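Written below as structure tokens is the structure these notes are about.
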Amino acid sequence: MSWGFDTDPEYQKVLDWADEFVTTEVEPIDQVITHAWDLKDPLRQKLIPPLQDKVREKGLWATHLGPELGGQGYGQLKLALLNEIVGRTHSGPIVFGAQAPDSGNTEILAHYGTPELKERYLKPLIENEIVSCYAMTEPQGGSNPVEFETTAVLDGDEWVINGEKWFGSNARFASFYIVMAVTDPEAEPHRRLSQFIVPAETPGLEIVRNTGVWGHDYEVGTHAYTRWTDVRIPKDHILGGVGQGFEVAQTRLGGGRIHHAMRTVGLVKRSLDMMLERAVSRTTRGKRLGDQQMVQEMIADSWLQLEQFRLLVLRTAWRIDQENDYRKVIRDIAAVKAAMPKVLLDVSSRAVQLHGALGVSKELPLGKWLFESYHMGLADGATEIHKVSLARQLLRDATPHEGLFPSYHVPALEEQARAKFAAELGALDT
């Protein structure tokens, strides 16, 4: 049996380097560039690639991928510890080659892409020579695949895609999209869909508008509403087989959900660090904020939530490494996803309150993180869906009890105990 909470000393040195590197090299970049995914921004192109080279030299590039794809094959537990550091920044994930949605899209291409598709799309995506978009949700159906209406029809040697997609992250920067579409409307719900890879320049693919998000103050929004009108792609641009779209999505979304949680640990920790600095620096009525009992309660509650959430994330990451199959850890991933927004909301809210007017100003990032908690409650499936999924799995494993009273009914337990120890009890009576 092996059990412990310590980090391997050699890997701790790696984490220490990453922490220092993110603090001194990555965090300053966040203050001067607009968007780390914008490969056409000359300042971004001047500042970020040199840092990516340093990460490669350190052997920390795309650590979520196996060595055959240019990663280290570290596994999810090591990735969780690294993402706690990287996740507190905007540019960090892309500097380390582990940014969404590209990290999930690389998993899809690695699992389901043909050699030709991997050569054309996967290799440059891994190297961050390009970025990508995942087009799944729809205006009328949200993220529920059984409600999707976008279709893909085979016409000779081409698939023809028609429909609309909603909230495609970073679409305006993308060189290609991975899109989910209905290929067999008459099939059972989870066999109706397939996934395809579509070059961004394909005729008929239109960005209706780029939607902005509160807390993301870009001049042009980065979440696209797209329209697909007779979009034609080669027959071989399907990922997996016809009707495998839901299976492909689970391969991607399992990793995406746990990776979001890993990075969120970093944001929550940063919020708590800000609270602590504020509490020992600011005074009111002759006392530090940290000497006030209500502030102490806020700090204690925040630390407790952070540590509970962090342990759940690390345990889930460990289980993924053990099982090597997201489907076998679906309950744990659902739990992490359901817990994530609440923790970020609570801790960032307390941090805002503790900073007063400064907390709600744009001179601190706390308001952005507070809104991000609502975003996290929707991305990769709504919180409520994951709670339902978790509850159903727990109920599936529960054993019903026959009889008028439950198995843990005290009078019945007492009677059983007396029967079990009848001889001992009788000896005491004589």
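The values are calculated or read from the model by the stated rules, or taken from the named source; none is laboratory data. Keep in mind that this is a model prediction, so the values were computed, not measured. Positions of Cβ are generated from backbone atoms using ideal geometry, with glycine treated the same way; all protein chains shown enter the neighbour counts. We work out accessible area using only protein heavy atoms, side chains counted, and drop any ligands, DNA or RNA first. Shrake-Rupley method; radii C 1.70, N 1.55, O 1.52, S 1.80 Å.
Here are some pairs, LYS58/LYS123; LYS165/LYS387; LYS54/LYS165; which of them have Cα atoms lying more than 29 Å apart in this structure?
From LYS58/LYS123; LYS165/LYS387; LYS54/LYS165, over 29 Å: LYS54/LYS165.
Output the antiparallel fraction of DSSP beta bridges having both residues in the chain, as a percent to the nearest 5.
Taking every DSSP beta bridge within the chain, about 85 percent pair in antiparallel fashion.
Once the Cα atoms of the chain are picked out, what are the Rg and Dmax in Å?
When restricted to Cα atoms, the chain yields Rg and Dmax of 25.1, 95 Å.
In 10 Å bins starting at zero, report the fraction of Cα pairs in segment 330-430 per bin as a rounded %.
Calculated over all Cα pairs of segment 330-430, the distribution is 13, 22, 17, 15, 13, 12, 6, 2, 0 percent.
What is the distance in Å between the Cα centres of segment 1-41 and segment 141-175?
With segment 1-41 and segment 141-175 each reduced to a Cα centre, they are spaced 34 Å.
Convex hull over the alpha-carbon atoms of segment 243-358: what's its volume per residue in Å³?
97 Å³
Express in % the proportion of alpha carbon pairs of segment 12-101 at distances exceeding 20 Å.
More than 20 Å apart: 29 percent of the Cα pairs in segment 12-101.
Debye sum, Cα scatterers, segment 119-212, no solvent: what log₁₀ I/I(0) at q = 0.10, 0.11, 0.25 1/Å?
-0.27, -0.33, -1.35
Can you give the Rg to Rh ratio for segment 108-267, taking only C-alpha atoms and Rh from Kirkwood?
0.95
Of all accessible surface on segment 204-352 at a 1.4 Å probe, what whole percent is carbon and sulfur?
49 percent
Below 17 Å, Cα to Cα, which aspartates and glutamates can LYS118 reach? Residues fewer than 8 away in the same chain don't count.
Correct list for LYS118: GLU68, ASP102, GLU107, GLU127, GLU129, ASP236.
Anything over 31 Å Cα to Cα? Flag those among LYS78/LYS342; LYS287/LYS337; LYS40/LYS328, in the order listed.
Violating the 31 Å limit, Cα to Cα: LYS287/LYS337; LYS40/LYS328.
What relative contact order, as a whole-number percentage, does the chain give when Cα pairs under 8 Å and 6 or more residues apart are counted?
12 percent
Sorted by average packing, counted as other Cβ atoms within 10 angstrom per residue and highest first, what order do 365-374, 32-41 take?
Top of the packing list down: 365-374, 32-41.
I need the peptides 326-336, 67-77 ranked by packing, meaning the mean over residues of other C-beta atoms within 10 angstrom, with the highest value on top.
326-336, 67-77
Divide by every residue of the chain the summed helix terms, -39500 (n - 2.57) for each DSSP H run of at least 4, and state the resulting mean residue ellipticity at 222 nm, rounded to the nearest 500 deg cm²/dmol.
It lands at -15500 deg cm²/dmol.
Give me the tail of P(r) for segment 254-322 as a percent: Cα-Cα pairs with distance above 14 Å.
Here the tail beyond 14 Å accounts for 64 percent of pairs.
By average Cβ neighbour count within 10 Å, what is the ranking of 217-229, 175-187 from highest down?
Ranked from most to least packed, the peptides come out as 175-187, 217-229.
For VAL208, what charge total do you get from the other residues with a beta carbon under 14 Å from its beta carbon, if Lys and Arg give +1 and Asp and Glu give -1?
In short, +1.
What does the charge count near ILE258 come to, summing +1 for each Lys or Arg and -1 for each Asp or Glu among other residues with Cβ under 15 Å from its Cβ?
So the surrounding residues net to +4.
Quote the relative contact order of segment 1-138 in percent (integer), defining contacts as alpha-carbon pairs under 8 Å separated by 6+ residues.
22 percent
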